[in-house]
Structures are given as C-alpha cells and as structure tokens.
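Working notes, structure below.
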Amino acid sequence: MIKARFLTNSDKTVGFIVSGHAGYAESGHDIVCAGVSASLMLTVNAITENFGIKAEVRDLENEIFFKVLDESDEAEKIIEAFRTNLEILSNEFSGTISIENMEV
C-alpha cells in the first residue's frame, strides 16, 4: 500500500511524505504506482521549477519527502490538488493508497 502523509502546520498544508507500493500489479505494470509517481513529480516540479518556490526535497529509498520552505498559497493549492488526485485514485483502486495528515 502507498502511504501518503500530508504535512500540516496549523491550518496550512506545507508538504508530504509518500512511501510504499500500491501492490495493484507486478512491478513495472502497476498503474496505481505510475499514477501516483506521475502526479507526485508534477506537483514537485510545478512548485519548485514553474513557481520557483523553495522546498526541501528528499528522495530516500522507497520514500519521497517534500516540504515547502516559504509559505505560499500557490504551493498549498498545488499540494491540495495532489491530495485530491490521490483520493480519486484511492477510491478507484480500493486498498492501494492510505492518506493522512501529520502536524509538523
């Protein structure tokens, strides 16, 4: 199962940690993993490259950590769009993604 933890600070979403594997299909053929990976990369790149917002990004073994360093309404909206996408995937492919909030 993919575990997505959204980092919150008071009422703001400031980042996320995503880890695990969906287990929907064998490696290299798992459409849930591919969907999560693509939307995660789009989220990180849109925030850092297109909007130029500074963020801490760590690519650890089987885990991605992302946290915005400067408060940004744009970054928060993009992160929330990522959450919405994961919720849709989770509903479509039950038992593959868990989503929770984590206060930082």
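Scanning region 74-90 for residues that are open to solvent by 90 Å² or more (accessible area, probe 1.4 Å) and closer than 12 Å to residue 13 by Cα gives 74, 77. Filtering region 91-104 to residues that are open to solvent by less than 80 Å² (accessible area, probe 1.4 Å) and either modelled with pLDDT of 95 or more or not in a loop (DSSP other than H, G, I, E, B) (or both) leaves 93, 95, 96, 97, 98, 99, 100, 102. Examine region 6-26 for a residue that is surrounded by 13 or more Cβ atoms within 10 Å (Cβ to Cβ) and assigned to a helix (DSSP H, G or I), and state whether such a residue exists. No; the residues of region 6-26 include none that is surrounded by 13 or more Cβ atoms within 10 Å (Cβ to Cβ) and assigned to a helix (DSSP H, G or I).
Within region 64-73, restricting attention to residues that are under 11 Å from the mean Cα position of the chain (by Cα) and not β-branched (Val, Ile, Thr), the residue that is farthest from residue 14 (Cα to Cα) is 65. Each residue in region 27-43 was checked for being surrounded by fewer than 15 Cβ atoms within 10 Å (Cβ to Cβ) and in contact with a Leu (Cβ under 7 Å, 6 or more places away or on another chain), and 0 of them qualify. Count of region 61-73 residues, restricted to those that are within 28 Å of residue 91 (Cβ to Cβ) and either open to solvent by 30 Å² or more (accessible area, probe 1.4 Å) or touching a Lys or Arg at 6+ places or on another chain (Cβ under 6 Å) (or both), is 6. When region 57-90 is filtered for residues that are in contact (Cβ under 8 Å) with a residue 24 or more places away in the chain, among the acidic types (Asp, Glu) and either within 22 Å of residue 30 (Cβ to Cβ) or assigned to a strand (DSSP E or B) (or both), only 63 remains.
Applying the condition of being touching a strand residue (DSSP E or B) at 6+ places or on another chain (Cβ under 6 Å) and β-branched (Val, Ile, Thr) to region 58-91 and asking which residue is farthest from residue 46 (Cα to Cα) yields 64.
Here is a check on your reading of the model: is residue 65 closer than 21 Å to residue 101 by Cβ, of a type outside the set (Ser, Thr, Tyr), touching a helix residue (DSSP H, G or I) at 6+ places or on another chain (Cβ under 6 Å) and at pLDDT 95 or above? Considered against the rule, which asks whether it is closer than 21 Å to residue 101 by Cβ, of a type outside the set (Ser, Thr, Tyr), touching a helix residue (DSSP H, G or I) at 6+ places or on another chain (Cβ under 6 Å) and at pLDDT 95 or above, residue 65 comes out as no. Residues in region 27-46 that are small (Gly, Ala, Ser), out of contact with any Phe, Trp or Tyr (no Cβ under 7 Å at 6 or more places or on another chain) and part of a helix (DSSP H, G or I): 34, 35, 37, 38, 46.
Per this entry, residue 49 is not counted among residues that are assigned to a helix (DSSP H, G or I), touching a helix residue (DSSP H, G or I) at 6+ places or on another chain (Cβ under 9 Å) and open to solvent by 70 Å² or more (accessible area, probe 1.4 Å).
The values are calculated or read from the model by the stated rules, or taken from the named source; none is laboratory data. This structure is a prediction, so every number in the text was calculated from the model and none was measured. Cβ sites come from the backbone with ideal geometry, for glycine too, and all protein chains shown count toward neighbours. These accessible areas exclude ligands, DNA and RNA; they are computed on the full protein's heavy atoms, side chains included. Shrake-Rupley method; radii C 1.70, N 1.55, O 1.52, S 1.80 Å.
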